[in-house]
Amino acid sequence: MQEKENKEENYLSFEEAEGTDPRVYEVGYLLVPTLSEEETPTIYGNLKELISTFGGQSISDEMPVMINLAYSMQKVIQNVHHNYDTAYFGWIKFFMDPEKVLELKKKMDLDPTIVRFLILKTVKENTIASKRFIQREVPRRKTPTLGEKEEGKEEAPINKEEIDKEIDAMVA
Amino acid sequence: MKQDYFSANNIKYIDYKDVSILKKFLNPNGKIVSHKRTGVTSKNQRKLALAIKHARFLGLLPFVAR
């Protein structure tokens, strides 16, 4: 009995170990810009469903947002070439078994609403840091405050008088 | 940029979606700035280059600008 329990524990710990970084994936995708604003949430919902059907647990995601592409992209839909300069960009981060990811990729390849997508291994933690650090770009300089300047001015004349007196004393 | 930007800002994972950060490491033509000029450690420079290439693929950054 005890041995069995131990085995189960080992199995659990192994699962946990596997459940950390190696199974964390992220898919970034571009949706066709011909979709209307109302249609994007449903497609976004469908994608999340697709991931969950492959046993994926979503960690975090962002809704598709219209962006200007840095260059124009082509996609062939039903033997017709389309050029796109804008697209809806969104991403989903999720846990999944490595074997299932390939199946997910095959499914996404067939999706006519996706211009491009990218599946990457990533880490569980939030990786976007830009908002926090942009402000610190300019190096801080120590500017003397008004209070310090006034103190300096007050001190200087007193010191001069004292020095004069001292010099007089030295000469005498 | 003499010090490593990423370790100075405590960034452990360089994300391709962080376009505002990645843009700092592109020259006006959209090329990746060399390791010598960025001052980023070799390890982070490799990750940075990969992140920029991923961002390029998804149209977040240009392959060629101007």
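Bear in mind that the values in this text are calculations on the coordinates, not laboratory data. The structure displayed is predicted, hence computed values, not measured ones. Cβ sites come from the backbone with ideal geometry, for glycine too, and all protein chains shown count toward neighbours.
Here are the numbers for the structure shown:
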read-out: Computed magnitude of the charge dipole of region A:19-133 (debye, nearest 20; Cβ of K, R +1, Cβ of D, E -1); value: 340 debye
read-out: Packing-based order for B:10-20, A:57-67, using average beta carbon neighbours within 10 Å, highest first; value: B:10-20, A:57-67
read-out: Sorted by Cβ neighbour density within 10 Å, fewest at the top, the residues B:VAL40, A:VAL123; value: A:VAL123, B:VAL40
